[in-house]
Amino acid sequence: MEMLNFDQVSGHRMTLKATDPRHFTGQFNNVTGRLEKENITFADQMFEALHGVNRLQQEKNDLSVRMITDPNSVDTHDITIAIAKANAALAMTKAIVDRAIQAYKEIISFR
């Protein structure tokens, strides 16, 4: 295991190296909402995941509005599937955020 020297650490920040070839690399594209392979950061991955959850929520809302305004234009199964996908994505996101907060609190308590 490679240790960091004092020059690599300042305050609560440090630089990280990708030493495993399986590490992600890429760039977030705001237009497409996707990652392009090249220098991707953890924050970019998180934003992409949150954008995906947001897209599912918007799709669910759009189908719900269409069902109310024009019931014949939307299949009931499509609405049910969109609601299930949106709820599952939101529940998973909430679980990840809760676990991240719990991990942060555990790290802080070891000081």
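General observations
- Cut-off under 5 Å, modelled amide H: who pairs with Ile40 long-range: Thr25, Gly26
- Of all accessible heavy-atom area on the stretch 67-106, the percent that carbon and sulfur account for (1.4 Å): 66
- Cα principal axis extents for the stretch 56-111, largest first, Å: 60, 16, 10
- In sequence order, calculated HN-Hα J values of the stretch 52-68 (Karplus, 6.51, -1.76, 1.60; Hz; x Gly/Pro): x, 5, 5, 4, 5, 5, 5, 4, 4, 5, 4, 5, 5, 5, 4, 5, 6
- Under 16 Å from the Thr76 label point (7 Å along Cα→beta-carbon), backbone N, the stretch 40-60: none
The values are calculated or read from the model by the stated rules, or taken from the named source; none is laboratory data. Worth saying up front: this structure is predicted, and the values here are computed from it rather than measured. When we count neighbours, we look across all protein chains shown, and the Cβ atoms used for this are built from the backbone with ideal geometry, even at glycine. Quick note on the areas: whole protein, heavy atoms, side chains included, nothing else; ligands and nucleic acids left out. Shrake-Rupley method; radii C 1.70, N 1.55, O 1.52, S 1.80 Å.
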